[in-house]
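Just below is one structure, and these are the notes that go with it.
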Amino acid sequence: MPVSLLFLDLSDKKFLILVVGPTAVGKTALCIKLAKKFETEIISCDSRQFYREMNLGTAKPSREELREVNHHLIDSLSILQEYDVRKFESDALKILGGLFERKNGVVVTGGSGLFADALTEGMDEIPSVNPEIRDQIIKEYQRNGLEWLQDQISRLDPDYFAIVDRQNPQRLMRALEVIRGTGGKFSSFRKKSKIKRPFQTLKIGLNRDREELYQRIDLRMDQMINEGLFEEAEALFEFRNLNALQTVGYSEIFGFFEGKYDREEAVRLLKRNSRRYAKRQLTWFRRDEAIRWFHPDQESEIFAWIEDQMGLNPLSLATQL
(Lines give C-alpha, C1' and ligand atoms only; values in the text may rest on other atoms or scores of the structure.)
Protein backbone atom coordinates (compact mmCIF):
# COMPACT_ATOMS: atom_id res chain seq x y z
CA MET A 1 0.00 0.00 0.00
CA PRO A 2 1.45 3.45 -0.89
CA VAL A 3 2.61 5.41 2.11
CA SER A 4 0.19 8.24 1.31
CA LEU A 5 -2.77 5.86 1.67
CA LEU A 6 -1.47 4.61 4.98
CA PHE A 7 -1.37 8.22 6.15
CA LEU A 8 -5.03 8.63 5.32
CA ASP A 9 -5.94 5.44 7.17
CA LEU A 10 -4.12 6.36 10.36
CA SER A 11 -4.58 9.96 11.42
CA ASP A 12 -4.22 13.59 10.42
CA LYS A 13 -0.98 13.97 12.37
CA LYS A 14 1.60 16.01 10.49
CA PHE A 15 5.29 15.15 10.28
CA LEU A 16 8.23 17.31 9.25
CA ILE A 17 11.11 15.05 8.23
CA LEU A 18 14.23 17.15 8.80
CA VAL A 19 17.48 15.91 7.22
CA VAL A 20 20.62 17.76 8.28
CA GLY A 21 24.36 17.23 8.10
CA PRO A 22 27.59 18.72 6.82
CA THR A 23 28.23 19.84 3.27
CA ALA A 24 28.87 17.06 0.73
CA VAL A 25 27.62 14.33 3.06
CA GLY A 26 24.82 13.24 0.69
CA LYS A 27 21.65 15.00 1.86
CA THR A 28 20.22 15.75 -1.59
CA ALA A 29 20.24 12.17 -2.88
CA LEU A 30 18.65 10.79 0.27
CA CYS A 31 15.97 13.48 0.46
CA ILE A 32 14.84 12.85 -3.11
CA LYS A 33 14.42 9.16 -2.26
CA LEU A 34 12.54 10.08 0.92
CA ALA A 35 10.22 12.44 -0.94
CA LYS A 36 9.45 9.80 -3.54
CA LYS A 37 8.85 7.08 -0.96
CA PHE A 38 6.53 9.23 1.12
CA GLU A 39 4.99 10.91 -1.95
CA THR A 40 5.77 14.43 -0.80
CA GLU A 41 7.88 17.52 -1.52
CA ILE A 42 11.10 19.12 -0.27
CA ILE A 43 11.71 22.49 1.38
CA SER A 44 15.28 23.78 1.45
CA CYS A 45 16.61 25.38 4.62
CA ASP A 46 20.02 25.98 3.07
CA SER A 47 20.66 29.71 3.43
CA ARG A 48 22.90 29.76 0.33
CA GLN A 49 20.61 27.95 -2.10
CA PHE A 50 17.86 30.59 -1.98
CA TYR A 51 19.69 32.78 -4.48
CA ARG A 52 19.24 32.37 -8.22
CA GLU A 53 22.63 33.79 -9.16
CA MET A 54 24.57 31.38 -6.93
CA ASN A 55 24.65 27.88 -8.37
CA LEU A 56 27.94 26.00 -8.45
CA GLY A 57 29.26 27.51 -5.23
CA THR A 58 26.18 26.45 -3.26
CA ALA A 59 25.98 22.85 -4.54
CA LYS A 60 22.32 23.12 -5.46
CA PRO A 61 20.47 20.04 -6.68
CA SER A 62 20.98 19.56 -10.40
CA ARG A 63 18.22 20.40 -12.89
CA GLU A 64 17.53 16.69 -13.22
CA GLU A 65 17.20 16.32 -9.45
CA LEU A 66 14.90 19.34 -9.24
CA ARG A 67 12.66 17.77 -11.87
CA GLU A 68 12.41 14.49 -9.94
CA VAL A 69 10.73 16.07 -6.89
CA ASN A 70 9.12 19.45 -6.31
CA HIS A 71 11.51 21.68 -4.32
CA HIS A 72 10.68 24.90 -2.46
CA LEU A 73 12.93 27.86 -1.54
CA ILE A 74 15.62 27.07 -4.09
CA ASP A 75 16.27 29.92 -6.58
CA SER A 76 13.52 31.85 -4.79
CA LEU A 77 15.51 35.09 -4.34
CA SER A 78 17.98 37.40 -6.01
CA ILE A 79 21.22 38.30 -4.27
CA LEU A 80 20.00 41.91 -4.48
CA GLN A 81 17.12 41.13 -2.10
CA GLU A 82 17.54 41.42 1.66
CA TYR A 83 16.63 38.21 3.45
CA ASP A 84 17.16 36.86 6.91
CA VAL A 85 16.23 33.93 9.11
CA ARG A 86 13.03 35.53 10.35
CA LYS A 87 11.75 35.99 6.82
CA PHE A 88 12.71 32.41 6.08
CA GLU A 89 10.79 31.20 9.14
CA SER A 90 7.68 33.00 7.92
CA ASP A 91 8.02 31.83 4.31
CA ALA A 92 8.74 28.22 5.20
CA LEU A 93 5.82 28.00 7.63
CA LYS A 94 3.46 29.30 4.94
CA ILE A 95 4.72 26.69 2.48
CA LEU A 96 4.42 23.98 5.10
CA GLY A 97 0.86 25.03 5.86
CA GLY A 98 -0.09 24.65 2.22
CA LEU A 99 1.63 21.29 1.85
CA PHE A 100 0.13 19.90 5.04
CA GLU A 101 -3.34 20.53 3.60
CA ARG A 102 -2.53 17.83 1.04
CA LYS A 103 0.17 15.75 2.69
CA ASN A 104 0.90 14.37 6.13
CA GLY A 105 4.67 14.46 5.73
CA VAL A 106 7.11 17.01 4.26
CA VAL A 107 10.89 16.72 3.85
CA VAL A 108 13.03 19.68 4.92
CA THR A 109 16.78 19.66 4.39
CA GLY A 110 19.88 21.83 4.48
CA GLY A 111 23.13 22.49 6.25
CA SER A 112 22.15 25.81 7.85
CA GLY A 113 21.50 24.97 11.49
CA LEU A 114 20.13 28.39 12.39
CA PHE A 115 17.49 28.19 9.65
CA ALA A 116 16.53 24.62 10.54
CA ASP A 117 16.12 25.60 14.19
CA ALA A 118 14.01 28.63 13.28
CA LEU A 119 11.56 26.45 11.37
CA THR A 120 11.28 23.64 13.90
CA GLU A 121 11.65 25.53 17.19
CA GLY A 122 11.11 29.22 16.48
CA MET A 123 13.42 32.20 16.71
CA ASP A 124 14.86 33.63 19.90
CA GLU A 125 14.07 37.25 20.67
CA ILE A 126 17.34 39.05 20.08
CA PRO A 127 17.27 42.53 21.65
CA SER A 128 17.33 45.66 19.51
CA VAL A 129 20.56 47.64 19.60
CA ASN A 130 21.31 51.31 18.94
CA PRO A 131 22.02 51.64 15.17
CA GLU A 132 25.06 53.76 15.97
CA ILE A 133 26.73 50.69 17.47
CA ARG A 134 26.31 48.75 14.24
CA ASP A 135 27.56 51.69 12.16
CA GLN A 136 30.68 51.84 14.32
CA ILE A 137 31.28 48.10 14.00
CA ILE A 138 30.92 48.28 10.21
CA LYS A 139 33.57 51.02 10.09
CA GLU A 140 35.92 48.99 12.31
CA TYR A 141 35.39 45.91 10.14
CA GLN A 142 36.12 47.85 6.95
CA ARG A 143 39.28 49.21 8.55
CA ASN A 144 40.54 46.03 10.25
CA GLY A 145 39.19 43.16 8.15
CA LEU A 146 37.60 39.77 8.74
CA GLU A 147 40.33 38.38 11.01
CA TRP A 148 39.77 41.23 13.47
CA LEU A 149 36.06 40.49 13.50
CA GLN A 150 36.69 36.78 14.06
CA ASP A 151 39.05 37.59 16.93
CA GLN A 152 36.43 39.78 18.59
CA ILE A 153 33.81 37.01 18.64
CA SER A 154 36.36 34.36 19.55
CA ARG A 155 37.33 36.29 22.68
CA LEU A 156 33.95 37.71 23.67
CA ASP A 157 31.66 34.77 22.87
CA PRO A 158 33.59 31.51 22.25
CA ASP A 159 30.39 29.43 22.40
CA TYR A 160 28.91 31.25 19.41
CA PHE A 161 32.27 31.36 17.63
CA ALA A 162 32.39 27.56 17.73
CA ILE A 163 29.27 27.23 15.58
CA VAL A 164 29.00 30.41 13.49
CA ASP A 165 30.04 30.62 9.82
CA ARG A 166 33.30 32.46 10.42
CA GLN A 167 33.52 33.57 6.81
CA ASN A 168 30.24 35.48 7.09
CA PRO A 169 30.99 38.99 8.42
CA GLN A 170 27.29 39.88 8.61
CA ARG A 171 26.60 37.23 11.23
CA LEU A 172 29.77 38.10 13.14
CA MET A 173 28.92 41.81 13.15
CA ARG A 174 25.38 41.05 14.31
CA ALA A 175 26.78 39.10 17.26
CA LEU A 176 29.26 41.84 18.11
CA GLU A 177 26.62 44.58 18.08
CA VAL A 178 24.47 42.59 20.53
CA ILE A 179 27.50 41.98 22.76
CA ARG A 180 28.39 45.66 22.81
CA GLY A 181 24.81 46.86 23.08
CA THR A 182 23.74 44.57 25.92
CA GLY A 183 26.95 43.67 27.70
CA GLY A 184 26.03 40.00 27.43
CA LYS A 185 27.04 37.18 25.12
CA PHE A 186 25.13 36.78 21.87
CA SER A 187 24.83 33.04 22.58
CA SER A 188 22.97 33.79 25.83
CA PHE A 189 20.02 35.11 23.83
CA ARG A 190 19.79 31.91 21.79
CA LYS A 191 18.75 29.56 24.61
CA LYS A 192 15.11 30.45 25.14
CA SER A 193 12.22 27.99 25.32
CA LYS A 194 11.17 26.24 22.12
CA ILE A 195 7.95 27.09 20.31
CA LYS A 196 5.41 24.28 20.05
CA ARG A 197 4.72 23.71 16.36
CA PRO A 198 1.53 22.07 15.03
CA PHE A 199 3.56 19.21 13.60
CA GLN A 200 5.99 16.59 14.85
CA THR A 201 9.59 16.92 13.70
CA LEU A 202 11.61 13.79 12.97
CA LYS A 203 15.27 14.81 12.94
CA ILE A 204 17.75 12.80 10.89
CA GLY A 205 21.46 13.61 10.88
CA LEU A 206 23.78 12.30 8.16
CA ASN A 207 27.49 11.87 8.73
CA ARG A 208 30.48 9.94 7.42
CA ASP A 209 33.93 9.13 8.75
CA ARG A 210 35.97 12.32 8.73
CA GLU A 211 38.44 11.09 6.11
CA GLU A 212 35.61 9.95 3.85
CA LEU A 213 33.74 13.25 4.28
CA TYR A 214 36.82 15.39 3.64
CA GLN A 215 37.63 13.42 0.49
CA ARG A 216 34.09 14.04 -0.77
CA ILE A 217 34.44 17.75 -0.02
CA ASP A 218 37.72 17.97 -1.95
CA LEU A 219 36.29 16.01 -4.89
CA ARG A 220 33.18 18.16 -4.95
CA MET A 221 35.30 21.30 -5.00
CA ASP A 222 37.38 19.96 -7.90
CA GLN A 223 34.16 19.20 -9.76
CA MET A 224 32.78 22.69 -9.08
CA ILE A 225 35.96 24.28 -10.39
CA ASN A 226 35.92 22.10 -13.51
CA GLU A 227 32.29 23.06 -14.14
CA GLY A 228 33.07 26.80 -13.93
CA LEU A 229 33.07 27.97 -10.32
CA PHE A 230 35.75 30.63 -10.96
CA GLU A 231 33.78 31.94 -13.94
CA GLU A 232 30.59 32.08 -11.87
CA ALA A 233 32.40 33.98 -9.12
CA GLU A 234 33.88 36.38 -11.69
CA ALA A 235 30.38 37.23 -12.91
CA LEU A 236 29.39 38.00 -9.30
CA PHE A 237 32.58 39.87 -8.37
CA GLU A 238 31.02 43.34 -8.57
CA PHE A 239 28.44 42.23 -5.98
CA ARG A 240 31.01 40.73 -3.60
CA ASN A 241 30.06 43.02 -0.71
CA LEU A 242 26.45 41.83 -0.63
CA ASN A 243 25.44 39.75 2.36
CA ALA A 244 24.47 36.76 0.22
CA LEU A 245 28.03 36.42 -1.09
CA GLN A 246 29.77 36.51 2.29
CA THR A 247 30.20 32.76 2.27
CA VAL A 248 32.60 29.89 1.72
CA GLY A 249 32.90 29.06 -1.96
CA TYR A 250 32.97 32.65 -3.19
CA SER A 251 34.96 34.79 -0.76
CA GLU A 252 38.12 32.73 -1.41
CA ILE A 253 37.87 33.34 -5.16
CA PHE A 254 37.12 37.02 -4.67
CA GLY A 255 40.42 37.25 -2.76
CA PHE A 256 42.18 35.80 -5.81
CA PHE A 257 40.52 38.35 -8.11
CA GLU A 258 41.59 41.11 -5.74
CA GLY A 259 45.21 39.98 -6.11
CA LYS A 260 45.67 38.79 -2.53
CA TYR A 261 47.01 35.38 -3.64
CA ASP A 262 47.28 33.16 -6.73
CA ARG A 263 44.76 30.68 -8.12
CA GLU A 264 46.47 27.69 -6.52
CA GLU A 265 46.15 29.29 -3.09
CA ALA A 266 42.50 30.11 -3.79
CA VAL A 267 41.81 26.44 -4.49
CA ARG A 268 43.62 25.42 -1.31
CA LEU A 269 41.55 27.89 0.71
CA LEU A 270 38.32 26.71 -0.93
CA LYS A 271 38.96 23.15 0.18
CA ARG A 272 40.30 24.05 3.62
CA ASN A 273 37.46 26.43 4.45
CA SER A 274 34.84 23.97 3.17
CA ARG A 275 36.25 21.30 5.49
CA ARG A 276 36.22 23.76 8.39
CA TYR A 277 32.66 24.74 7.54
CA ALA A 278 31.62 21.08 7.65
CA LYS A 279 33.22 20.76 11.09
CA ARG A 280 31.25 23.76 12.39
CA GLN A 281 28.04 22.35 10.93
CA LEU A 282 28.58 19.12 12.84
CA THR A 283 29.34 21.05 16.02
CA TRP A 284 25.99 22.84 15.68
CA PHE A 285 23.92 19.75 14.95
CA ARG A 286 25.53 17.53 17.56
CA ARG A 287 24.23 19.72 20.34
CA ASP A 288 20.69 18.59 19.44
CA GLU A 289 20.02 15.32 21.23
CA ALA A 290 16.80 14.78 19.24
CA ILE A 291 18.75 14.10 16.04
CA ARG A 292 19.04 10.43 15.07
CA TRP A 293 22.33 9.89 13.25
CA PHE A 294 22.89 7.62 10.25
CA HIS A 295 25.41 7.01 7.49
CA PRO A 296 23.83 8.07 4.17
CA ASP A 297 24.12 4.49 2.90
CA GLN A 298 21.79 3.25 5.66
CA GLU A 299 18.72 3.98 3.58
CA SER A 300 16.67 0.98 4.73
CA GLU A 301 17.40 1.80 8.37
CA ILE A 302 16.42 5.44 7.83
CA PHE A 303 13.16 4.51 6.11
CA ALA A 304 12.33 1.99 8.85
CA TRP A 305 13.02 4.51 11.60
CA ILE A 306 10.80 7.13 9.99
CA GLU A 307 7.99 4.62 9.47
CA ASP A 308 8.30 3.51 13.07
CA GLN A 309 8.10 7.09 14.33
CA MET A 310 5.06 7.71 12.15
CA GLY A 311 3.42 4.47 13.18
CA LEU A 312 3.60 3.03 9.67
CA ASN A 313 5.43 -0.24 10.26
CA PRO A 314 3.37 -3.36 11.06
CA LEU A 315 4.36 -3.52 14.74
CA SER A 316 3.59 0.16 15.38
CA LEU A 317 0.38 -0.08 13.37
CA ALA A 318 -0.81 -3.03 15.44
CA THR A 319 -0.58 -1.00 18.62
CA GLN A 320 -2.91 1.65 17.15
CA LEU A 321 -5.68 -0.73 16.03
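The values are calculated or read from the model by the stated rules, or taken from the named source; none is laboratory data. Given the structure is predicted, the values throughout are model-derived calculations rather than measurements. Methodologically, a virtual Cβ is constructed for each residue, glycine included, from the backbone with ideal geometry; neighbour enumeration extends over all protein chains shown.
Among the residues of the range 1-41, those that are among the hydrophobic types (A, V, I, L, M, F, W, C), in contact with a Leu (Cβ under 8 Å, 6 or more places away or on another chain) and at pLDDT 95 or above comprise F15, L16, I17, L18, V19, V20, A24, V25, L30. In the set (1) more than 17 Å from the chain's Cα centre (by Cα); (2) buried (at least 19 other Cβ atoms within 10 Å of the Cβ), F115 fails one condition alone, (1).
Scanning the range 267-280 turns up no residue that is in a strand (DSSP E or B) and small (G, A, S). Being farther than 30 Å from Y160 by Cα, touching a Gly at 6+ places or on another chain (Cβ under 8 Å) and touching a residue at least 12 places away in the same chain (Cβ under 8 Å) holds for only one residue in E232, E227, and it is E232. All conditions in (1) buried (at least 17 other Cβ atoms within 10 Å of the Cβ); (2) assigned to a loop (DSSP other than H, G, I, E, B) hold for K194, with the sole exception of (1). Among the residues of the range 141-178, those identified as more than 23 Å from Q281 (Cβ to Cβ) and surrounded by 15 or more Cβ atoms within 10 Å (Cβ to Cβ) are Y141, E177. Among residues of the range 228-258 being among the polar types (S, T, N, Q) and assigned to a helix (DSSP H, G or I), the one that is surrounded by the most Cβ atoms within 10 Å (Cβ to Cβ) is S251.
Considering I306, I225, which residue is buried (at least 19 other Cβ atoms within 10 Å of the Cβ) and either outside the structural domain of I163 (by TED's automatic domain parsing) or not in a helix (DSSP H, G or I) (or both)? After ruling out the rest, the residue left standing is I306.
Here D151 meets each of (1) within 21 Å of the chain's Cα centre (by Cα); (2) modelled with pLDDT of 95 or more with one exception, condition (1).
Listed by first and then second residue, the pairs linking a residue in the range 167-191 that is more than 24 Å from R275 (Cα to Cα) and not assigned by TED's automatic domain parsing to the domain that holds R48 to a residue that is surrounded by 16 or more Cβ atoms within 10 Å (Cβ to Cβ) and basic (K, R), with Cβ atoms under 6 Å apart and 6 or more places separating them unless they lie on different chains, are E177/R134.
Every test in (1) without any contact (Cβ under 8 Å) to a residue 60 or more places away in the chain; (2) in contact with a strand residue (DSSP E or B) (Cβ under 8 Å, 6 or more places away or on another chain); (3) not polar (S, T, N, Q) is passed by G111 save one, and that test is (1). Residues in the range 148-190 that are among the β-branched types (V, I, T) and part of a loop (DSSP other than H, G, I, E, B): I163, V164. Can you work out which of the residues in the range 123-144 that are assigned to a loop (DSSP other than H, G, I, E, B) and either hydrophobic (A, V, I, L, M, F, W, C) or modelled with pLDDT of 90 or more (or both) is farthest from Q49 (Cα to Cα)? Among those that are assigned to a loop (DSSP other than H, G, I, E, B) and either hydrophobic (A, V, I, L, M, F, W, C) or modelled with pLDDT of 90 or more (or both), it is V129.
Of all residues in the range 202-222, those that are surrounded by fewer than 18 Cβ atoms within 10 Å (Cβ to Cβ) and either more than 30 Å from H295 (Cα to Cα) or among the polar types (S, T, N, Q) (or both) total 1. Here E264 meets each of (1) in a helix (DSSP H, G or I); (2) under 28 Å from V106 (Cβ atoms); (3) more than 21 Å from the chain's Cα centre (by Cα) with one exception, condition (2).
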